[in-house]
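Inspection log for the structure reproduced underneath, given as structure tokens.
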Amino acid sequence: MMFTRKAPVLRRILIVEDEPLIAFDTEHFLEDEGFQIVATIDRADAAVTLIEDDTPLDLVIVDVALAEGGSGIDVARAAFEVGVRVLFVTGACPPEARLLADGCLAKPYSQRHLLAAIRAIGQVAEGGRPRKLPSGFSLYRAV
């Protein structure tokens, strides 16, 4: 009997982060974990344009506080409007995050916690329920 790993439902990811080291580390870590990074962008307006251009995306990982071009809320709103899941990664999630995002992971976070947060959102997307959530993560959309 062969056991195969089921492909994750959240494969194509957009990273929106204006801290270069965090963006670089996140991109390379997630690529090593088998995700396809569609783009890594540091401006909200550029991310919104990419989302509105119907670029195939499964998940947007976005910081709330971006230095230029708007905020992560603008990005989350654009993603929400086209049915793309959102994970906020930020120091403090704003109240409207619950309306726009699937979850919020508090900074600073470990790569292990980021991966667990993505997997939890993916489990919900597949109709399941995550058994354990990582530290610093709030799941907003649950079965």
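The values are calculated or read from the model by the stated rules, or taken from the named source; none is laboratory data. Since this is a predicted model, take the numbers as computed values, not measurements. Please note: Cβ atoms are built from the backbone with ideal geometry, for glycine as well, and neighbour counts cover all protein chains shown. These accessible areas exclude ligands, DNA and RNA; they are computed on the full protein's heavy atoms, side chains included. Shrake-Rupley method; radii C 1.70, N 1.55, O 1.52, S 1.80 Å.
Annotations for the structure displayed:
- Nonlocal amide H pairs with Y140, under 5 Å, H built at 1.01 Å: G103, C104
- Once C-alpha pairs closer than 8 Å and six or more residues apart are averaged by separation and normalised to the residue number of segment 1-102, the relative contact order reads 26 percent.
- The chain: angle of helix 72-81 to the longest principal axis, Cα-based, in degrees nearest 10: 60
- DSSP bridge orientation in the chain - percent antiparallel, rounded to nearest 5: 15
- Element breakdown for the chain at a 1.4 angstrom probe: carbon and sulfur atoms account for 51% of the accessible area.
- Ordering of 61-74, 126-139 by packing is 61-74, 126-139, highest average first (other Cβ atoms within 10 Å, averaged per residue).
- Helix 20-32 and the long axis of the chain differ in direction by around 30°, with both axes built from C-alpha atoms.
- Spin-label proximity, I22 to segment 54-81 - amide N less than 16 Å from point 7 Å beyond Cα toward beta carbon: 60-76
- Under the Karplus curve 6.51 cos²θ - 1.76 cosθ + 1.60, θ = phi - 60°, whole-Hz ³J(HN,Hα) for segment 111-119, x wherever Gly or Pro sits: 4, 4, 6, 4, 4, 5, 5, 4, 5
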